[in-house]
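Data first, discussion second: the structure below is written as structure tokens.
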Amino acid sequence: MRRTRARGPILGALVLAAATAAAVAAAGAVRAESVVAGLSQARIAITANFDGSEILVFGAIRREAPPPEGAPVEVIVAVTGPLRPEEVRRKERRFGIWINTQAVVIDQAPRFYAVATTGPLSQILTHTEDLRHRVSVPQAIRSVGASEDAQDPDAFTEALIRLRQAEGLYSLTEGTVSLRESTLFNARIRLPANLTEGDYGVRILLTREGRVVDSHVTVLPVQKVGLERFLFHLAHDRPLAYGLLALALATLAGWGASAVFRALGR
């Protein structure tokens, strides 16, 4: 009887050990695929004649074991600009004039957001994973602080997305990530001319059956350089000096134009 009773705890311990080993093996299988990636440019310089740029995101999928059977691996590339609060206003025509009637402050919205994928986003990423990783354009915007007094606050978020899409600042291009032999990938992301200075995050996500199995994040600095950088920081850090400089340059330009016309009139 004592031997029979002793087998219970031992059997339970063996079952627990087997379950733990299986869980560890499963986790190892998920992490057997990882991303190794790079960018074609280390930074983006905004100059006087800057009319946009393009970055090439490239990399490979490193494996420690043969790829699992089933759904193929998919790649998502997301480039996120600086996050800032945004105020969205609604205008209505009253008494023949357009006036602001409502306003909603969105907590955080990227100044630029571009997503490129190997396939349709809704098929390669589940809604739950989208909520967790904030991949799609609506999920990248945080509007939890929207005013409760505003009617239909989601409409303000949708309006912001439409405006940014029209300006070329928000985009979703499905099927533009090239994936060769389920190992090598690359994607080209177009950066418009109206970029905001700051650090841009570049994320690469690997998915299988709609679930993210690995991700890689790197930073792409976007900076004004030369005279543009000097004037930008002067206007924001020393507005009085910037105003005096602008006044002096305007006066000098007016005097120069007057002198030229007087010389031509003789």
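The values are calculated or read from the model by the stated rules, or taken from the named source; none is laboratory data. Given the structure is predicted, the values throughout are model-derived calculations rather than measurements. Cβ: placed from backbone, ideal geometry, glycine included. Neighbour counts: every protein chain shown.
Tabulated values for the structure
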read-out: Sole exception among (1) at pLDDT 95 or above; (2) of a type outside the set (K, R); (3) under 15 Å from V137 (Cα atoms) for A109, by number; value: (1)
read-out: Neighbours by Cβ (under 8 Å, 6+ apart or cross-chain): first from region 195-206, in the same structural domain as L83 (by TED's automatic domain parsing) and at positive phi; second crowded, with 19+ Cβ neighbours inside 10 Å and part of a strand (DSSP E or B); value: G198/V222
read-out: Some residue of region 124-143 being surrounded by fewer than 17 Cβ atoms within 10 Å (Cβ to Cβ) and either modelled with pLDDT under 90 or within 21 Å of R43 (Cα to Cα) (or both); value: yes
read-out: Flag if R63 is farther than 29 Å from V202 by Cα and basic (K, R); value: no
read-out: Any hit, region 89-101, residues being more than 26 Å from V222 (Cβ to Cβ) and touching a helix residue (DSSP H, G or I) at 6+ places or on another chain (Cβ under 9 Å); value: yes
read-out: Tally of residues being touching a residue at least 60 places away in the same chain (Cβ under 8 Å) and more than 17 Å from the chain's Cα centre (by Cα) across region 64-90; value: 9
read-out: Hits in region 187-201 (condition: surrounded by fewer than 20 Cβ atoms within 10 Å (Cβ to Cβ) and assigned to a strand (DSSP E or B)); value: R188, R190, G198, D199, G201
read-out: So E33, is it surrounded by 15 or more Cβ atoms within 10 Å (Cβ to Cβ), at pLDDT 90 or above and of a type in the set (D, E); value: no
read-out: Residues satisfying the stated conditions in region 68-100, i.e. part of a strand (DSSP E or B) and closer than 19 Å to I204 by Cβ; value: E74, V75, I76, V77, A78, V79, T80
read-out: Among residues of region 52-72, those that are surrounded by 13 or more Cβ atoms within 10 Å (Cβ to Cβ), more than 15 Å from V212 (Cα to Cα) and of a type in the set (G, A, S), counted; value: 3
read-out: Output for region 54-67, where each listed residue is assigned to a loop (DSSP other than H, G, I, E, B) and of a type outside the set (G, A, S); value: E64, P66, P67
read-out: Residue in region 36-53 that is modelled with the lowest pLDDT, counting only those that are part of a strand (DSSP E or B) and within 13 Å of K224 (Cβ to Cβ); value: I46
read-out: Filtered residue count, region 161-185, keeping only those that are buried (at least 20 other Cβ atoms within 10 Å of the Cβ) and either outside the structural domain of G38 (by TED's automatic domain parsing) or not basic (K, R) (or both); value: 4
